[in-house]
Amino acid sequence: MSVYPLINRMINRLLIIEDEDVLRRDLQEILTLEGYQVDTAANGLEAVDVVRNSIPDLILCDIRMPGLDGYQVLKAVRELPGGFNVVFIFLTAKVESEEIRAGMNLGADDYLLKPVTHKDLMTAIRVRLEHRKYMMDAVRGDVESQLTDQLEYSVDDVKSILSALSKTERRIFYYVAQEKSTSDIAGLLYISPKTVENHRHNISKKLKLKGGHSVLALALKTKPVLQQLM
């Protein structure tokens with residue numbers, strides 16, 4: 001049994017992006033045995049397609065790869081809906097201080113040098129996932145504290161909000177209010193996680209909301225009335 005406990009024992013999804021076949025398979029085997037759900041990609045282009053279809057919790061990414069390099073992959077991930085919540089760790093054989101700064105400026109969370117030891121690998125993943133959970137819990141706390149200062153939305157207010165949305169968007173908005181994850185909503189509606197994220201983006205645009213957690217904030221504010229109407 002692993003000495004590195006999983007965060008929340010909810011299975012975290014990891015993506016390994018590595019063009020060296022042997023290393024990619026070894027990392028996948030190690031992390032799968034540690035209890036993670038692990039996807040892999042052999043290059044940057046393949047990786048971006050994977051992330052578009054389903055946002056992982058953490059990415060381990062080589063820097064020097066043909067096609068898209070690690071920095072280009074990081075930039076592409078951060079621009080995707082939900083991509084700002086992904087822990088991104090570079091895995092590289094050699095790193096200079098300029099490279100570290102470049103990666104951090106793009107939003108990288110950490111660097112690991114090849115060959116990485118099992119202990120260093122698991123410690124980095126555990127610490128970064130714990131930090132991610134802490135930050136997301138803090139955001140949730142801020143949203144909930146703001147709700148106590150807000151007047152409740154009336155039935156007419158919520159009806160007006162729902163009227164601006166399509167049938168699928170209304171259902172997604174309702175499930176967001178129930179604090180369902182993107183994967184949960186995808187399963188409930190029999191659609192892909194990518195489609196759920198696209199609908200959330202459309203909801204934000206239609207309702208003229210701002211900020212990465214704006215749909216969640218509004219959904220929670222309207223939750224008591226939503227439960228009556230849906």
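Tyr190 meets the conditions (1) exposed (fewer than 14 other Cβ atoms within 10 Å of the Cβ); (2) more than 24 Å from Val48 (Cα to Cα); (3) of a type outside the set (Val, Ile, Thr) in every case but one. The failed one is (2). Within the stretch 127-154, if we keep just the residues that are at pLDDT 85 or above and either more than 30 Å from Leu23 (Cα to Cα) or surrounded by fewer than 17 Cβ atoms within 10 Å (Cβ to Cβ) (or both), the residue that is nearest to the chain's Cα centre (by Cα) turns out to be Glu130. Sort out which residues of the stretch 35-85 are under 13 Å from Arg13 (Cβ atoms) and among the acidic types (Asp, Glu), and write them in order of number. Result: Asp39, Asp57. Note on the stretch 46-99: residues that are without any contact (Cβ under 8 Å) to a residue 40 or more places away in the chain and closer than 23 Å to Lys133 by Cβ total 10. For Met122, the criteria (1) modelled with pLDDT of 90 or more; (2) surrounded by fewer than 17 Cβ atoms within 10 Å (Cβ to Cβ) hold in every case but one, which is (2).
If the condition is being in a strand (DSSP E or B) and buried (at least 22 other Cβ atoms within 10 Å of the Cβ), then the stretch 39-48 contributes only Ala41.
The values are calculated or read from the model by the stated rules, or taken from the named source; none is laboratory data. The structure presented is a predicted model; accordingly, all values stated were derived computationally and were not measured. All Cβ positions, even for glycine, are placed from backbone atoms using ideal geometry, and neighbour counts span all protein chains on display.
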